[in-house]
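**Q** Below you will find the structure I want to go over with you.
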Amino acid sequence: MTAVAVTGLGLVTAAGIGAQATWDGVCAGRCAARTDPQLAGLPVDFSCTVPGFDPVAHVGGRSRLIHDRFVQLALTAAREALADAGLDPAGWDGARVGVVIGCGLGGVATWERQQRVMRENGPGAVSALLIPMLVPNMVAGNVAIDVKATGPNLVTATACASGATALGTARDLLLAGRCDVVLAGGSEAGVSPLIVTGFAQMGALSRRRDDPAAASRPFDADRDGFVIGEGSAILVLEREEAARARGARIRARFAGYGASADAHHITAPDPQAAGVLRATRQALCEADLAPEDIDHVNAHGTATPLNDAVEAGALAAVFGTGPAVTSTKGVLGHTLGAAGAIEAALSVLALEHGLVPPTANLENQDPKIELDVVAGAARRGPLRAAVSNSFGFGGQNAVLVFTAA
């Protein structure tokens, strides 16, 4: 099968703006959660938001007026990814360039803001840009407008697997010959009073209000839920032979993709993890790799008690205790539809640097989780291949395999 290469990546997360800032943050292993003024008075009043993000500086003056935050984050990440790949839209055939971005929620901040406007000032005060600012498909649409990409333009919505599903879909477009280049990833800015309250009512969020920086605790015996975050990651994908022909740097190979449905419950994972196991084995088969070839797993690792336990069981069933496992949600929180793309980008960086970031706040690993979870400090060592897991409400699973360049 033709190889797909990662030639560029861009990141905007709670650890900072830019791939280097995010990588440094996750390797330092300090949780980015902090008390969030917009959540004051709620049962959960902390989050992992992007610090110091100025849309005017990063996207342009009109962006504040015409784009919701989830689009602003994606545009910032996409521009970094293109520059990293050494691609100039002025020199490409836009019809051969696709955009596929995962998003679970869309413009929730715009929705809440315009609801207040209507309630307080009447329907005549509602923005004419309400709909194009809030619908999820506009994240891919606006990136395409920005870079003049006129090929396939898609948004995937598989809840917290959306970003990983987008990458897998982009890979399929390249292998089918539909595109020569695809900008793929995820973006989400879902930190809002209504969304946070909804997750809190479900019992999905950590309640550690007295110590937000210790709240995200994947695989820890004392975990009590995830910390909501925001962010974006965009990867530039190309067929490897074409990338090498233009002299591009190959950051990693996107070697395999597996997708499945649990068909079990609207929110809870299948306790037998049958869908996860099927997606994992499919991804390994497509990559032509055996379980012992995998040196690193970037786990879904949300820090919810049931999800971590089920995922750990699935990983142990396939890989035993071999790979070095981490959950970067310990640092970045759970970025929902963007998480799979962010973690894919971090898997690429781990392969590139030969370094597995630690799982923040892992002080007392759950004894039922029989995995080699990296804690305390980043672990150095040769890494040949990495798996990135993403699972979403509705039982939607996506597993990605990357190999070192």
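The values are calculated or read from the model by the stated rules, or taken from the named source; none is laboratory data. Just so we're clear, the structure is a prediction, and the values are computed from it rather than from any experiment. Here Cβ is always computed from backbone atoms with ideal geometry, including for glycine, and neighbour counts include all displayed protein chains.
**Q** Anything in the stretch 111-149 that is polar (S, T, N, Q) and either within 14 Å of A184 (Cα to Cα) or assigned by TED's automatic domain parsing to the domain that holds A283 (or both)? List them, or say none. Reasoning before the result, please.
**A** Start the filter on the stretch 111-149 by keeping residues that are polar (S, T, N, Q), which leaves 114-115, 121, 127, 137, 142.
N137, N142, listed by residue number.
Okay, residues lined up against (1) modelled with pLDDT of 95 or more; (2) touching a Ser or Thr at 6+ places or on another chain (Cβ under 8 Å); (3) small (G, A, S):
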{"position": "A3", "(1), (2), (3)": "no, no, yes"}
{"position": "A14", "(1), (2), (3)": "yes, yes, yes"}
{"position": "T22", "(1), (2), (3)": "yes, yes, no"}
{"position": "G29", "(1), (2), (3)": "yes, yes, yes"}
{"position": "Q38", "(1), (2), (3)": "yes, yes, no"}
{"position": "D45", "(1), (2), (3)": "yes, yes, no"}
{"position": "V50", "(1), (2), (3)": "yes, yes, no"}
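**Q** I'd like to know if the stretch 259-269 contains one or more residues that are buried (at least 24 other Cβ atoms within 10 Å of the Cβ), touching a Gly at 6+ places or on another chain (Cβ under 6 Å) and closer than 25 Å to G190 by Cβ.
**A** no
**Q** I've got another one for you. Could you tell me whether T321 is under 30 Å from T49 (Cα atoms), in contact with a strand residue (DSSP E or B) (Cβ under 8 Å, 6 or more places away or on another chain) and in contact (Cβ under 8 Å) with a residue 12 or more places away in the chain?
**A** In short, no.
**Q** All but one of (1) in contact (Cβ under 8 Å) with a residue 60 or more places away in the chain; (2) over 22 Å from V56 (Cβ atoms) hold for I131; state the number of the condition that does not hold.
**A** Of the numbered conditions (1) in contact (Cβ under 8 Å) with a residue 60 or more places away in the chain; (2) over 22 Å from V56 (Cβ atoms), the odd one out for I131 is (1).
**Q** Taking the condition surrounded by fewer than 23 Cβ atoms within 10 Å (Cβ to Cβ) and modelled with pLDDT under 95, does G322 pass?
**A** yes
Conditions tested, residue by residue: (1) closer than 23 Å to S162 by Cα; (2) touching a Lys or Arg at 6+ places or on another chain (Cβ under 9 Å).
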position: A317; (1), (2): no, no
position: V325; (1), (2): yes, no
position: V331; (1), (2): yes, yes
position: T335; (1), (2): yes, yes
position: A341; (1), (2): yes, no
position: L346; (1), (2): yes, no
position: H353; (1), (2): no, yes
position: T359; (1), (2): yes, yes
position: E363; (1), (2): no, yes
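**Q** OK, next. Collect the residues in the stretch 79-110 that are assigned to a helix (DSSP H, G or I), without any contact (Cβ under 8 Å) to a residue 60 or more places away in the chain and within 14 Å of G190 (Cβ to Cβ), keeping them in residue-number order.
**A** Looking only at the stretch 79-110, we keep the residues that are assigned to a helix (DSSP H, G or I), and these are 79-85, 89-91, 94-96, 108-110.
Checking the rest, the ones that are also without any contact (Cβ under 8 Å) to a residue 60 or more places away in the chain come to 90-91, 94-95, 110.
The answer is T110, and nothing else.
**Q** Name the residue, out of R69, R79, that is closer than 17 Å to V6 by Cα and among the basic types (K, R). Working first, answer last.
**A** Values: R69 fails: closer than 17 Å to V6 by Cα.
Just one listed residue meets the conditions, R79.
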